[in-house]
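Visitor: Next up is a structure, given as structure tokens.
The values are calculated or read from the model by the stated rules, or taken from the named source; none is laboratory data. Since this is a predicted model, take the numbers as computed values, not measurements. Cβ coordinates were reconstructed from backbone atoms using ideal geometry, including for glycine residues, and neighbour counts include every protein chain displayed.
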Amino acid sequence: MFAKINVASFLITLFVVLVEGSNMIESIFEDHENSIGTKWAVLVAGSSEWYNYRHQADICHAYQLLKKGGLKDENIVVFMYDDIAYHSENPKPGVIINKPHGPDVYNGVPKDYTGKHCNAQNFYGVVLGNKSALTGGSGKVVNSGPNDYIFIYYADHGGSGVIDMPIEPSIYAKDLNEVLKKKHASRTYEKMVFYLEACESGSMFEGLPYKGLNIYVTTASKADEDSFATYCSPKGYETTCLGDLFSVSWLENSELQDRQVETLKKQYQRIRKRVLNNGTEGSHMMEYGDLHIHEDALSIYMGSNFPTHTSTKNNYASNSRYVNQRDVQLLYLISKFQNAPEGSRRKSEAYRKLSKVILKREHVDKSVKHIGQILFGVENGQKVLNIVRPAGQPLVDDWDCLKSFVKIFESHCGSLTSYGKKYVRGFANMCNAGIQRDQMDAAAKQTCSS
């Protein structure tokens, strides 16, 4: 009897130790995270309009993930045009989802910089913690200190060396680099992680001085390839895509895995196969900056999640349709046309809008091609415009030249649009080839004056 009582007592004591030990481990992780400084996040959806639904859905999902991870609203800054949740085409007004049958990710999201205040100037001001540079919005900035950790996630359309904002101007790689160098010089962070979802997103960092800034970057694609939308045309949302392939991959992985154990490197390795989609309708993720940072746990930047279980398998939603980001607007317009009743006014209006966009795309294609032929000859024009510099070299030597060439083109030939941004590399190659502004102006004028 005495022995039985001792065994029972031992088992009870062991149970208490195990339970307390588990709590102690979680407490140690929490104490460690609290000791490393404040976690900050800047979330940016760089587009507007219903067919770009996915960008705002990605950003809202990221907010919910960070919020559940323990980040405070005062340390999360959100940029989104905010024209999706209550859009007339939304089948669930006031709700945004990031995957088929997914939960609402819109509820509670801070409306820091919306509408016309969702712009590059405010983005730079927020990152630098410079309230005097802001024009409208909540006034919230990254008021970080030397021991703090910053996570920036940007989902948008892009081109070579450029990413969009709902309100012009766009953000060029050189300008972003200067802002981040200035942030580093201010000694107001310990480390920074930047995730970028956009076509040709690698070109925003390729060949630019990021090493030594304590910044780690992951991009959705290489410098010369497009990125892809996913969860396209599900029931009730036939005219749009609910997420972006890279974005939903890291978001869903961050929810599935224990973020105190999962590192940035492990996440990169775990999701890149999904993002590449076996080489078809996918893109190659890239890393830039101080790569040693990728050994850090996700929790340092995204907070903790303590999942009830983790898996080495990627249990993602299946049967996802992938669409090149540049073609999502066409998907939207074609769906509108196909779904409209025959002979109806809606049908004719949908056809008119679809035709207009197709003609605009053709106009941009032909205009850039013709300018290249004028400047470099019929045989060499296309070849020069398509040159891709070796890895490690920046897109262009003279960024002011590139900006001016884009402006010259748009002044004579109209807006490039998100589709036409794929030709920014061609303008960069004109600059690299020594073409002068007056030559570009004359060629654009000759091409588009009629």
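Visitor: Name the single residue, out of those in the stretch 187-230 being over 16 Å from the mean Cα position of the chain (by Cα) and among the aliphatic types (A, V, I, L, M), that is farthest from Gly279 (Cα to Cα).
Guide: Among them, the one singled out is Leu213.
Visitor: Check off (1) modelled with pLDDT under 95; (2) in contact with a helix residue (DSSP H, G or I) (Cβ under 9 Å, 6 or more places away or on another chain); (3) more than 19 Å from Met165 (Cβ to Cβ) for Gly392 and give me the number that stays unchecked.
Guide: Against the list (1) modelled with pLDDT under 95; (2) in contact with a helix residue (DSSP H, G or I) (Cβ under 9 Å, 6 or more places away or on another chain); (3) more than 19 Å from Met165 (Cβ to Cβ), Gly392 comes up short only on (2).
Visitor: Only helices (runs of 4 or more DSSP H) wholly contained in the stretch 387-433 count here; list those with 1 or more residues that are farther than 17 Å from Ala198 by Cβ and either outside the structural domain of Asp226 (by TED's automatic domain parsing) or touching a Pro at 6+ places or on another chain (Cβ under 7 Å) (or both).
Guide: It comes to 399-413, 424-432.
Visitor: With the requirement that a residue be in contact with a helix residue (DSSP H, G or I) (Cβ under 8 Å, 6 or more places away or on another chain), among the polar types (S, T, N, Q) and either under 16 Å from Gln56 (Cβ atoms) or surrounded by fewer than 22 Cβ atoms within 10 Å (Cβ to Cβ) (or both), what does the stretch 100-129 give you?
Guide: Across the stretch 100-129, the qualifying residue is only Gln121.
Visitor: Quick check: is even one residue across the stretch 170-179 outside the structural domain of Ala428 (by TED's automatic domain parsing), part of a strand (DSSP E or B), among the aromatic types (Phe, Trp, Tyr) and in contact with a Phe, Trp or Tyr (Cβ under 8 Å, 6 or more places away or on another chain)?
Guide: yes
Visitor: Tell me, yes or no, whether the stretch 134-149 has at least one residue that is more than 24 Å from Tyr189 (Cα to Cα), assigned to a loop (DSSP other than H, G, I, E, B) and in contact with a strand residue (DSSP E or B) (Cβ under 6 Å, 6 or more places away or on another chain).
Guide: Scanning the stretch 134-149 turns up no residue that is more than 24 Å from Tyr189 (Cα to Cα), assigned to a loop (DSSP other than H, G, I, E, B) and in contact with a strand residue (DSSP E or B) (Cβ under 6 Å, 6 or more places away or on another chain).
Visitor: Looking only at the stretch 58-75, which residues are surrounded by fewer than 22 Cβ atoms within 10 Å (Cβ to Cβ) and either touching a Phe, Trp or Tyr at 6+ places or on another chain (Cβ under 7 Å) or of a type in the set (Ser, Thr, Tyr) (or both)?
Guide: Across the stretch 58-75, the qualifying residue is only Asn75.
Visitor: Answer yes or no: is there a residue in the stretch 163-184 that is among the polar types (S, T, N, Q), surrounded by fewer than 24 Cβ atoms within 10 Å (Cβ to Cβ), closer than 24 Å to Gln269 by Cβ and at pLDDT 95 or above.
Guide: Checked against the condition, which is being among the polar types (S, T, N, Q), surrounded by fewer than 24 Cβ atoms within 10 Å (Cβ to Cβ), closer than 24 Å to Gln269 by Cβ and at pLDDT 95 or above, the stretch 163-184 yields no hits at all.
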